[in-house]
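Derivation of every value follows stated rules applied to the coordinates shown; laboratory data play no part. Predicted model only: the values in this text are computed from it and were never measured. Cβ sites come from the backbone with ideal geometry, for glycine too, and all protein chains shown count toward neighbours.
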Amino acid sequence: MLINGREYEWGDITLTLAGRVVTGARGISYKESQEKNLLYGKGNKPLSVQKGNISYSGELTMLQSEVESLHELARTTHGRASLLELNLNAVVCYGNPAMGDPMITDMLYGIQFTEAEKNMQQGNGNMEIKLPFICVDIVNHA
């Protein structure tokens, strides 16, 4: 979105997860999907498009220190350190009001991670961890 003659950039995004600003966030993506199928009847052309279930999914990329904070949250709330036990909400804010940008806020409700893999290789200066997730709703507040 072009705001005051410029596009939003990574520095304009604030991610709040479980009530805490995530300073070690390195990436976020999320999407809304809906099952759609063509309905056929007489002839060989579709009569209409039938709509099915809506789903929401995404992926967080964070530094290891942020993931360890999530492990601690899981440990204190569920008695074990598995990220797969967590059920979180996230707020993604785009824009900087101090610079005159209008804020765009996306609320992600009921985030549950579907995988939690750590990976480190020789020469890496830090560990980035990708956490795929599903959630129950994504609401945009422009």
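Checking Leu38, Leu15, Leu60, Leu70 one by one, the residue that is in contact (Cβ under 8 Å) with a residue 40 or more places away in the chain and either farther than 19 Å from Asn140 by Cα or not in a strand (DSSP E or B) (or both) is Leu70 and no other. Applying the set (1) assigned to a loop (DSSP other than H, G, I, E, B); (2) farther than 22 Å from Trp10 by Cα to Asn126 leaves exactly one unmet item: (2).
Reported count of residues in the stretch 75-123, each being in contact (Cβ under 8 Å) with a residue 12 or more places away in the chain, touching a strand residue (DSSP E or B) at 6+ places or on another chain (Cβ under 7 Å) and either in a strand (DSSP E or B) or closer than 22 Å to Asn140 by Cβ (or both), is 21. Within the stretch 34-84, the set of residues being surrounded by 13 or more Cβ atoms within 10 Å (Cβ to Cβ), out of contact with any Phe, Trp or Tyr (no Cβ under 8 Å at 6 or more places or on another chain) and of a type in the set (S, T, N, Q) comprises Ser55, Thr61, Gln64, Ser69, Ser82.
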